[in-house]
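The values are calculated or read from the model by the stated rules, or taken from the named source; none is laboratory data. A quick note: this is a predicted structure, and the numbers were derived from the prediction, not measured. Cβ atoms come from the backbone with ideal geometry, glycine included; neighbour counts cover every protein chain shown.
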């Protein structure tokens, strides 16, 4: 699945908008959106998108807060229903936790005119929370010198994961 620059922009932008749906009214009153971003150079695309949004909405300031998603989960939980963040990217484990614990807002599909540009397969995986911009693939790797019978599934791995038990 190849994603070009335009599609990536729509996916990330849609994700930022969708994740902030729960605090839209508050953000409009305050005229500041607080968005979690990745640390360092990885925040570049988010700053670019934030600049585009600010240019289209005079008076709106977007403050990017670089942080790790595990830190964000702890801060949102500590805020007890008053999240300090309007939107941001989320790794899969914190995203799934947020869905099950109820502190992520459901996506408002009607408010996202570019949602049709997202891959349906990724949208289906999101469960209606946010807009996935990436998909992670995790595989099983092993040393062929140590593992004589390769695992064929996750279930085939021993509980300790030691090569002597495979």
| task | Using the structure shown, decide if residue 90 is in contact with a helix residue (DSSP H, G or I) (Cβ under 6 Å, 6 or more places away or on another chain) and surrounded by 16 or more Cβ atoms within 10 Å (Cβ to Cβ). | result | yes
| note | Residues of the stretch 43-71 being exposed (fewer than 14 other Cβ atoms within 10 Å of the Cβ) and either touching a residue at least 60 places away in the same chain (Cβ under 8 Å) or in a loop (DSSP other than H, G, I, E, B) (or both), in sequence order, are 57, 58, 59, 68
| said: Looking at the stretch 76-85, can you tell me whether even one residue there is in contact with a strand residue (DSSP E or B) (Cβ under 8 Å, 6 or more places away or on another chain), surrounded by 14 or more Cβ atoms within 10 Å (Cβ to Cβ) and under 22 Å from residue 44 (Cα atoms)? | reply: yes
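Residue by residue through the stretch 95-137, note down the ones that are assigned to a loop (DSSP other than H, G, I, E, B) and out of contact with any helix residue (DSSP H, G or I) (no Cβ under 9 Å at 6 or more places or on another chain).
Result: 102, 137.
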| Which of the residues that make up the stretch 72-81 are assigned to a loop (DSSP other than H, G, I, E, B) and at pLDDT 85 or above? | 79
